[in-house]
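Scroll down for the structure; my scribbles are underneath it.
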Amino acid sequence: MKCLLDTHAFIWLITDDDRLSAKARKTILDSRTFLYLSSASIWEMVVKAAIGKLKLPVHPEAFVQKQLAAAQIQELPVSFKHAFHLQHLPNHHKDPFDRMLVAQALAEKLTILTIDPLIAQYPAKTLW
C-alpha cells in the first residue's frame, strides 16, 4: 500500500500520540506500506510553527529531516500535475494544504492517512 500522511498523522506518529488510530498505526508499521509526506505538509508545519499554532521540539527543518529518515518516509514534492489537479476538486474543504494533499493522492493513487472527515468527502481513498 502507498500512503500519504496528513500533517497531523505525521506529527502524531513521530510524537507517539494516542490520537493516531490503531488501524493507521498498524498500516504505518506494516513493512509493505510505502509512506509519503507532502511538501505541502512541510509548508503547513513551518507556517503554523512561525505563528505559534504548532509547537515542535526543535526548528521544523531539523525536526522533519530527522523524522523522515527515522520512519523511512519519502518526500512527495508538489508538482505542476498536482497543482493542476486542484481544478477538478469540489470545494468541500477550504484548507489549501489539505486540498493539495487530496490532489496529490488522486494524481499519484495514494491512500491518505487522515482523521479529517472533510477529506473523506473527496474521491481519494482515506484510512483511519
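The values are calculated or read from the model by the stated rules, or taken from the named source; none is laboratory data. Just so it is clear, the model here is predicted, and its values are computed rather than measured. FYI the Cβ positions are ideal-geometry reconstructions off the backbone, even for glycines, and counts take in every protein chain you see.
Exactly one condition in (1) over 15 Å from I11 (Cβ atoms); (2) in contact with a strand residue (DSSP E or B) (Cβ under 7 Å, 6 or more places away or on another chain) is false for L113; which is it?
(1)
For F63, state whether it is aromatic (F, W, Y), on the phi < 0 side of the Ramachandran plot and in contact with a helix residue (DSSP H, G or I) (Cβ under 7 Å, 6 or more places away or on another chain).
no
Being surrounded by 14 or more Cβ atoms within 10 Å (Cβ to Cβ), of a type in the set (D, E) and closer than 18 Å to T33 by Cβ is the filter here; which residues of the stretch 72-128 pass it?
Across the stretch 72-128, the qualifying residue is only E108.
I'm checking my understanding of the structure. Among residues of the stretch 21-52 that are exposed (fewer than 15 other Cβ atoms within 10 Å of the Cβ) and touching a residue at least 40 places away in the same chain (Cβ under 8 Å), which one is farthest from T111 (Cα to Cα)?
K23
Cβ-Cβ distance below 8 Å, separation of 6 or more or different chains: which pairs start in the stretch 61-76 with a residue that is within 18 Å of T27 (Cβ to Cβ) and in contact (Cβ under 8 Å) with a residue 40 or more places away in the chain and end on one that is polar (S, T, N, Q) and part of a helix (DSSP H, G or I)?
What qualifies is I73/Q67; L76/S39; L76/Q104.
Assuming H8 fulfils every condition listed in (1) out of contact with any strand residue (DSSP E or B) (no Cβ under 9 Å at 6 or more places or on another chain); (2) at pLDDT 90 or above; (3) surrounded by fewer than 16 Cβ atoms within 10 Å (Cβ to Cβ) apart from one, which condition is it?
(3)
Failed condition for V58, given (1) within 16 Å of T15 (Cβ to Cβ); (2) at pLDDT 95 or above, with all others met?
Failing condition for V58: (2).
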